[in-house]
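Quick notes on the structure that follows.
The values are calculated or read from the model by the stated rules, or taken from the named source; none is laboratory data. For clarity, every value in this text was computed on a predicted model and none was experimentally measured. Counting neighbours? That spans all protein chains shown, and the Cβs are built from the backbone with ideal geometry, glycine included.
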Amino acid sequence: MDHVDADKLNTDLRYRFDYVAKFLNFTKTDIQLLNTVAPKLVPLVPTAVDAIYDKLFSFDVTKGVFAKHKVNFQGATADPPDSLNLTAERIAALKESLDKYLKKVLTQEEWDDGFLGYLSHLGKVHANKADSKNIDVNYIHMNATLGLSEHILIDAILNHDLGLD
């Protein structure tokens, strides 16, 4: 049985990544595979982002998060949540951020401390643990969103002729 220092998981980003990577059997080969499929998947990312936001807006509990919080946006919040739509300026900015994230994950060749810091910062921002205290997304919604993102990308690989023989 491997020993894991539970306290170190919360204080050492590289240690945490190494633990999660080992738990998931995520290796350098997986990173290389992401890089290999990137030229074919990156052009599909905007469509994936639209599908993700369509799904987020199809549930009141997730749409409500966007209506209440001013994430990187100075304008008024949307009250009631039904008044918020997918073409709103604030949603466009958030979609752009998700687009950037997905493209980085696909194209990042070295998951070095700088990249892990970027990923950690995104997690902290969404969990209200970063400098910005204007959003607090419940972990279940973040987990569901990341799972959906993975599902959409895997579907693109398996069900589309990407010419990756």
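Okay, here's what the table says:
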read-out	value
Those residues of the stretch 39-61 which are touching a Ser or Thr at 6+ places or on another chain (Cβ under 8 Å) and either at pLDDT below 95 or over 25 Å from Asp161 (Cα atoms) (or both), in sequence order	Leu56
Condition broken by Lys133, with the remaining ones in (1) in a loop (DSSP other than H, G, I, E, B); (2) touching a helix residue (DSSP H, G or I) at 6+ places or on another chain (Cβ under 9 Å); (3) at pLDDT below 70 satisfied	(2)
The stretch 101-122 residues that are touching a residue at least 40 places away in the same chain (Cβ under 8 Å), paired with ones that are in a helix (DSSP H, G or I) and charged (D, E, K, R) (beta carbon under 8 Å, 6 or more apart)	Asp113/Arg14; Leu116/Arg14
Unique residue being at pLDDT 75 or above and closer than 30 Å to Thr29 by Cβ when the list is Gly163, Gly147	Gly147
Within the stretch 1-13, tally of residues that are closer than 16 Å to Gly123 by Cα, out of contact with any Lys or Arg (no Cβ under 8 Å at 6 or more places or on another chain) and loosely packed, with under 12 Cβ neighbours inside 10 Å	1
Evaluation of Ala78 against (1) surrounded by 15 or more Cβ atoms within 10 Å (Cβ to Cβ); (2) at pLDDT 70 or above; (3) among the small types (Gly, Ala, Ser) (one fails), failing number	(2)
